[in-house]
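Worksheet for the structure shown next.
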């Protein structure tokens, strides 16, 4: 049975990926922050777990209970622009230093292991009016984005100098059941408690909304692309959807009604938040990768998940 490791395995994407890989027959080991794994490992998808920071010492400890992996999916790191602005050094530790620790461990102990180092579309920065290709100039505008780019460059350095096989998928706006932050969570909470949704910005901001189900399918496949050239590939849909459209979809699913007059935008721009981030997926399609879940379907699934898991207590607050 092939062994794979996931850093940040208890996070939103990491958890979905662990369960998917386990269903595909992989033995999955994980490292991250969770004091105890659930008793039923089949639910979580993890067979070996190490709770702690991503350091060489901890990776050596995990190595004692799990086989050297064929692939490491590196998902540990900062996950919020706002948090990185508030705690930049903490985000640097999570995204940059943790990557250095992983790469050095791999250089010494697992030089044949493929590394899928998951990055972010934030590295492209602002000022884009069209779909963004992997060859676009990189202009990060937040600590979060700068740190993701530093992570990428560390991977390129280890690949070029030591022959590590790396691939750098860049994710856009990933969503799905289990995500308890960001726009969809915010809208659902406001609908549950107040019935009126007020959001920042103008509502015209465009994002490439990609279901976590499609993301994990593609992450599992991009490991085959890992080489010492450290190729980059956007993992997204190539479809622009505005924040206002997203809010409308949520409310239609929530109440079965149009949202006219019930979504307010304060016009304020958030620091580090580009107006448009939409992927050019030409390269992704060339690799035989794709997506199947449209925003209407995926966001409806998210709303149903929220109401099932949190709706009972929320209804009492309305």
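The values are calculated or read from the model by the stated rules, or taken from the named source; none is laboratory data. Note that the structure is predicted; figures quoted are calculated from it, not measured. Cβ coordinates were reconstructed from backbone atoms using ideal geometry, including for glycine residues, and neighbour counts include every protein chain displayed.
What the table below lists for this structure:
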read-out	value
Identity of the residue in segment 247-294, modelled with pLDDT under 90 and under 19 Å from the mean Cα position of the chain (by Cα), that ends up nearest to residue 193 (Cα to Cα)	273
Residue within segment 188-197 that is in the same structural domain as residue 304 (by TED's automatic domain parsing) and crowded, with 22+ Cβ neighbours inside 10 Å present	yes
Selected residue (only one of 312, 297 is part of a helix (DSSP H, G or I) and at pLDDT below 85)	312
Selection within segment 139-189 - free of Cβ contacts under 8 Å to residues at least 60 places away in the same chain and within 20 Å of residue 114 (Cβ to Cβ)	153, 154, 157, 158, 161, 162
Strands (runs of 3 or more DSSP E) contained entirely in segment 207-293, each with at least 2 residues that are crowded, with 20+ Cβ neighbours inside 10 Å	209-211, 232-235
Within segment 63-89, tally of residues that are in contact with a strand residue (DSSP E or B) (Cβ under 8 Å, 6 or more places away or on another chain) and surrounded by 19 or more Cβ atoms within 10 Å (Cβ to Cβ)	8
Helices (runs of 4 or more DSSP H) contained entirely in segment 37-135, each with at least 2 residues that are in contact (Cβ under 8 Å) with a residue 40 or more places away in the chain	56-65, 81-86, 88-92, 98-109
